[in-house]
1. Please return the ranges of helices (runs of 4 or more DSSP H) entirely within the range 258-371 where 3 or more residues are in contact (Cβ under 8 Å) with a residue 60 or more places away in the chain and either aliphatic (A, V, I, L, M) or open to solvent by less than 60 Å² (accessible area, probe 1.4 Å) (or both).
2. Can you tell me which of Asp211, Asp198, Asp229, Asp181 is closer than 30 Å to Gly252 by Cα, charged (D, E, K, R) and assigned to a loop (DSSP other than H, G, I, E, B)?
3. Check Glu218 against each of (1) within 16 Å of the ligand (Cβ to nearest atom); (2) open to solvent by 10 Å² or more (accessible area, probe 1.4 Å) and name the one condition it does not meet.
4. Taking the condition modelled with pLDDT of 95 or more and within 20 Å of the chain's Cα centre (by Cα), does Ala305 pass?
5. In this structure, is Leu472 surrounded by fewer than 15 Cβ atoms within 10 Å (Cβ to Cβ), aliphatic (A, V, I, L, M), outside the structural domain of Tyr206 (by TED's automatic domain parsing) and not in a helix (DSSP H, G or I)?
6. Can Ser433 be described as open to solvent by less than 60 Å² (accessible area, probe 1.4 Å) and of a type in the set (S, T, N, Q)?
7. Give me a count of the residues in the range 111-130 that are at pLDDT 95 or above and either within 12 Å of the ligand (Cβ to nearest atom) or of a type in the set (D, E, K, R) (or both).
8. In the list Gly136, Gly193, which residue meets the criterion of being within 18 Å of the chain's Cα centre (by Cα), within 25 Å of Trp227 (Cα to Cα) and buried (at least 24 other Cβ atoms within 10 Å of the Cβ)?
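The values are calculated or read from the model by the stated rules, or taken from the named source; none is laboratory data. Treat the numbers as computed from the prediction; the structure is a model and nothing was measured. In this analysis, Cβ positions are derived from the backbone assuming ideal geometry, glycine residues included, and neighbour counts consider all displayed protein chains. With ligands, DNA and RNA removed, areas are computed over all heavy atoms of the protein, side chains included. Shrake-Rupley method; radii C 1.70, N 1.55, O 1.52, S 1.80 Å.
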Amino acid sequence: MTSPKTGADIGVYGLGTMGSALALNFAEKGFHVAVSNREAEWIDAFVTEAGALSEMMTGVADLQAFVAAIARPRSILFMIPSGAPMDEMIAAVSPFLEEGDTIIDGGNANFNATRERSAAMQDTGLHFVGMGVSGGEKGARSGPSMMVGGSTHSWQQLRPMVEAIAAKFEGDPCVAHLGPDGAGHFVKTVHNGIEYADMQMIAELYGMMRDVGGQSAEQIGAVFEGWKDGPLSSYLIDVSAAALQSVDNKTGAAIVDVILDQAGQKGTGRWTLIEALKLGQSASTVEAAVGARGWSSEKAVRVLAEPLLPAGTSETGLPAPDVMAQAMLAGRILAHAQGFRILQAASDEFDWSLDLARISEIWRAGCIIRSALLDEFAQAFRNDLPGGHLILAPAMRNRLEDSIGGLRQVVASAVLSGVAVPALSASLAWYDSMRRARGTANLIQAQRDFFGAHGFERLDEDGKHHGDWNPL
Ligand code: 6PG
């Protein structure tokens, strides 16, 4: 292990899965990295295991000495649990930092907390960056997508290093400074909301093929495999195809057939819809995905209910694979469109000037939701977008023209077969709501005025009005 004379280019604190992978990635790209960890015994083990890359690392257990080992102005990336541990770390490390130094939180933090931390550091001379990192362990090691918030000062400091370690899409690094304070963490949160929605829609199509079509995991994996090279080409389709075709060592069965059907979650999907609701936006597809994970945890009730509750189904049969592919494509476009609307609403609310085209671009490689569509979204945002809405972009209208019928057929068939497709049907309901110029909220307004005198606007006259309601 060597100590660079001028100090390390960056510090990485927290040598868990993601922190270790990022530290190795920085070292591999030629940056000297000071590394540290709460459990001091991990540090030497990590540096030793880094092999040839250990030449680029300085392992330091003591926090003050760790800070001192980094060149000024310092960039220190913390890969530690979000929430209270981050606040404790800021309090512990700040006394050792100097003007111009930057603390980077690379975890999945709540953007509200990131905003508060940035505000608290405002007049201290120190900088706080919330940075969303996507791509899991492999991405962190070989090229993640990174969504950076915080000050321009910090970005200038960080930029050469994060551009070097980022995934590249045709040479373009998948990292950008998206805005001040919580912008990076907000964009990562919405990324995860879209991730939840995409995963859920794939799982719903799996459910159709399994429960309506009676297909095996291997057969369904082969169907997804067939979608790998077309417009559905994406990391999550690849993951699903490979997972469905993986075999359990113990039983020889498909692994998915021995996995308990209860999904975990750490909270980012839920945050997406909480923030969407606060911004008056619809994230109905994400909400369906989060809700479905919640229902999945009620396994005991579902087991009890299956023989008890009437199905009321009709025979419909399984839609053809290309129809299901259309449904996935339409659902994916609609879920992203909802996500980008939330980003636009947050950008307006917090004055972030988010560049939706650039966000699409940095999601084209490295991150979990990377897909062929992201490049099309980026181009749609770069061109003139009618009403600022992704689904109104000419290229997306063409895509929807070819796929919305498939989504309709799949949702109809699922509904009649008694198979739940909450995210696909939420996407379709949102689409149908958005394409109807004359909706039904006029009756909602009538009801509100009827029982609460809340007033309504008229089509033919300005101002607030009340109805002459018939007595009950
Ligand atoms: C990523 C992932 C990653 C993780 C999320 C989701 O972009 O690399 O989003 O951050 O998979 O934490 O986790 P849950 O499904 O457990 O909420």
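1. Ranges flagged: 268-278, 284-296, 321-350, 356-362.
2. Asp229
3. Condition not satisfied by Glu218: (1).
4. no
5. Considered against the rule, which asks whether it is surrounded by fewer than 15 Cβ atoms within 10 Å (Cβ to Cβ), aliphatic (A, V, I, L, M), outside the structural domain of Tyr206 (by TED's automatic domain parsing) and not in a helix (DSSP H, G or I), Leu472 comes out as yes.
6. No; evaluated as a whole, the condition is false for this residue.
7. The qualifying residues number 3.
8. Just one listed residue meets the conditions, Gly193.
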